[in-house]
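Have a look at the structure below, then the notes.
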Amino acid sequence: MASANKEEELLSFLTDTIGMDEDEVEAEAQEMLDNDEVLLTVNAYEKIKEENVAQPQEASDIDGAYLGQHARTRDGEVTGYVTWVFSEADHSVVRVNSDDPIVNGDHRQFTQVTLTGVERWENLESGYEWLQATDDSAAEFDDDELAIDLVLDFAQTVGEVDEDDSYLVIAEVAEVDTLGEFHQDTGDYLGRKPVIEDEDNANIRLVLEEARSGEQATIKLQDPRDIAALSGIEFERLMKIAAQSDAQEMSQQLYTVLEGETVVVFGRGSAYVNGEEVTDGDGNRRPWLTLSNFDVGFITSLDELEASA
């Protein structure tokens, strides 16, 4: 009885929601049964649903500011590519999935770009949507134009930052701090980590404040090159100063340099840790932006960006 009800429910979904022809569905299900691919009709309907629940809705062009492209990998193998654009129409970061690279060659971040022939797909069961390149998709660049006005007018606020989505925000550096070190077993506080451990590892935390709303977010900088670029200090000199300074002194020196600096951040957001919303000591919401494990993420000075336009 339960199986019959499930069959009826699945058949209704396939015909009413996905829009498949009932006779074709039943014929395909019967073929699976005849070929011993499934045990029951309900299993065949499930398999047909899995194959057809995601549907392209429309094809369109994506105009905006180019943020970057990276390869998706699994077990060391490339499984596809993601191209990131700050969309002029959506006023937010969009990602376009593709089997092959859409972008060839090197192009500056924030360059004006149009991605043509992109399909918007939807999972008709969950409602989840995504953008998928077609075989005809291409990237058309205007390498002489940076879409700075688009970024200035519509960059997202830190108050919008939520879990797992990607954001492009403009904010001011309000606080510079080091990261604490804790005992792995007892959790006891062991002191501050050095601001810069070596050429590849840093331990600095910036509190970013969005000027219009006063809302704040936090970001860890784990690459010393990001600190050098933001502070304007030559990398080798920064390394030398860090080696001679303790963590608190170094963070204070960086605070003097970076306080009030307006930065543009492209990163992945997280408003929750272990299911709990992230807040500061006063209970105010303070989401995180992270560049770690995010291939295209970056932080740059707005002054430097505008100067390059």
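The values are calculated or read from the model by the stated rules, or taken from the named source; none is laboratory data. Just so it is clear, the model here is predicted, and its values are computed rather than measured. Cβ atoms come from the backbone with ideal geometry, glycine included; neighbour counts cover every protein chain shown. Heads up: the accessible areas ignore ligands, DNA and RNA and are worked out on the full protein's heavy atoms, side chains in. Shrake-Rupley method; radii C 1.70, N 1.55, O 1.52, S 1.80 Å.
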Quiz item: So which pairs qualify, if the first residue must be in region 20-43 and over 15 Å from Glu9 (Cα atoms), the second must be assigned to a loop (DSSP other than H, G, I, E, B), the Cβ gap must be under 6 Å, and the two must be at least 6 apart or on different chains?
Solution: Met32/Val38
Quiz item: Since Arg120 meets every condition but one in (1) in a strand (DSSP E or B); (2) more than 25 Å from Thr15 (Cα to Cα), which condition does it not meet?
Solution: (2)
Quiz item: When you scan region 29-72, how many residues do you find that are open to solvent by 30 Å² or more (accessible area, probe 1.4 Å), small (Gly, Ala, Ser) and within 30 Å of Leu291 (Cβ to Cβ)?
Solution: 2
Quiz item: Which residues, counting only those in region 188-213, are over 20 Å from Thr290 (Cα atoms) and open to solvent by less than 40 Å² (accessible area, probe 1.4 Å)?
Solution: Gly191
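Just to check your reading of the model, which residue among Ile241, Ile219 is among the β-branched types (Val, Ile, Thr) and either over 25 Å from the mean Cα position of the chain (by Cα) or more than 30 Å from Val94 (Cβ to Cβ) (or both)? Reasoning before the result, please.
Numbers: Ile219 fails: either over 25 Å from the mean Cα position of the chain (by Cα) or more than 30 Å from Val94 (Cβ to Cβ) (or both).
None of the others qualify; the one that does is Ile241.
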Exercise. Test Gln55 against the criterion of being under 30 Å from Met32 (Cβ atoms) and part of a strand (DSSP E or B), and give yes or no.
Key: yes
Self-check item: Total residues in region 58-99, condition within 19 Å of Thr157 (Cα to Cα) and either without any contact (Cβ under 8 Å) to a residue 60 or more places away in the chain or not in a strand (DSSP E or B) (or both)
Solution: 8
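Select from region 161-187 the residues that are open to solvent by 70 Å² or more (accessible area, probe 1.4 Å) and modelled with pLDDT of 85 or more and write down the one among them that is farthest from Ser301 (Cα to Cα).
Asp165
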Quiz item: Taking region 223-242 on its own, how many of its residues are over 23 Å from Gln156 (Cα atoms), in contact (Cβ under 8 Å) with a residue 12 or more places away in the chain and open to solvent by 50 Å² or more (accessible area, probe 1.4 Å)?
Solution: 2
Quiz item: In this structure, is Asp153 open to solvent by 70 Å² or more (accessible area, probe 1.4 Å) and in a strand (DSSP E or B)?
Solution: no
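Determine, yes or no, whether Ser126 is part of a strand (DSSP E or B) and small (Gly, Ala, Ser).
For Ser126, the condition - part of a strand (DSSP E or B) and small (Gly, Ala, Ser) - is not met.
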